[in-house]
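The values are calculated or read from the model by the stated rules, or taken from the named source; none is laboratory data. Everything numeric in this text was worked out from a predicted model, so none of it was measured. A quick note on method: Cβ atoms are made from the backbone with ideal geometry, for glycine too, and the neighbour counts reach across all protein chains shown.
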Amino acid sequence: MIRIARTLSTWATRWVNSGRCGLHLSRCVLCLARAGRTGLCEPCLQDLPANHTACERCALPLTAPNPQRLCSACLLRSPAQDFCLTPWRYEFPIDQMIRRYKYDGWRAPGRALALNWADQVTGTLPEIPQALIPAPIAPERLPERGFSQTAEIADWISRETGTPLETGLLQRHPGYQPQAGLDRGKRRRNLQGAFYVTTRTGMPEHVAIVEDVITTGASGDAMAACLREAGIRRVDLWALARTP
Ligand SMILES: [Zn+2]
Ligand SMILES: [Zn+2]
């Protein structure tokens, strides 16, 4: 009996997760309870590891809030972005949700996080950017992954917030080794010259780069520096989650 129940539950989960049943937006991606259009039920949403007290420049969780609202690394050397916003820490179950989305191509958890991201931050931003720029992923990664997770996340957030998407402006040169496994200093050196802008005319004044996860902050810093150097006055960095 237990085996039958387990088989049925596995089958139901796969069916719902496949998206073929059309329920992926009305059932919670974590527990399959009724969830509304954002794909996460209220209890699961409340259980996500919130990143409430964080550095305003790099979103690193702060153990003790300070008047400047900056972490010690940003007090020593300010990154190029003006403001960083990630509502969650990259911990369970966010890490699993993002991995399933990014490496298995299961869209529902990525979409659920993006929709809830927009739901949570709409109305709380100090200044609304004029455009959302997806963090460009390494060109050699695209064929293997089949999609750009940052372009999709930026598109979902753009549709929710009404902020236009600007996909062609910021690009990444091929041939840079993957950042995974490198420390903060090596990541920064590895990224020198990795990004470029395709035009310098008609630039928006204020943009937000959209990332999936901020790990050390080196990529965000390099992208923001590239955009600032091209004449953009204010660059924000938005991501789903921040590695503590
Ligand atoms: Zn749930
Ligand atoms: Zn910081």
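Overview of values
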{"item": "Selection status of Gln68, surrounded by fewer than 21 Cβ atoms within 10 Å (Cβ to Cβ), outside any helix (DSSP H, G or I) and in the same structural domain as Gln171 (by TED's automatic domain parsing)", "result": "yes"}
{"item": "Selection count, region 114-130, where residues are surrounded by 14 or more Cβ atoms within 10 Å (Cβ to Cβ), aliphatic (A, V, I, L, M) and in a loop (DSSP other than H, G, I, E, B)", "result": "1"}
{"item": "Residue list for region 63-94, filter: among the hydroxyl-bearing types (Ser, Thr, Tyr), more than 29 Å from Asp119 (Cβ to Cβ) and either in contact (Cβ under 8 Å) with a residue 12 or more places away in the chain or more than 12 Å from ligand 2 (Cβ to nearest atom) (or both)", "result": "Ser78"}
{"item": "Among the candidates Arg107, Arg57, residue that is assigned by TED's automatic domain parsing to the domain that holds Ala222 and under 27 Å from Gln192 (Cα atoms)", "result": "Arg57"}
{"item": "Some residue of region 208-215 being among the acidic types (Asp, Glu) and without any contact (Cβ under 8 Å) to a residue 40 or more places away in the chain", "result": "no"}
{"item": "Residue ID - modelled with the lowest pLDDT, chosen from residues in region 15-68 that are at positive phi and more than 15 Å from ligand 1 (Cβ to nearest atom)", "result": "Gly22"}
{"item": "Residue count for region 137-154, restricted to those that are under 14 Å from Ile209 (Cβ atoms) and free of Cβ contacts under 8 Å to residues at least 60 places away in the same chain", "result": "4"}
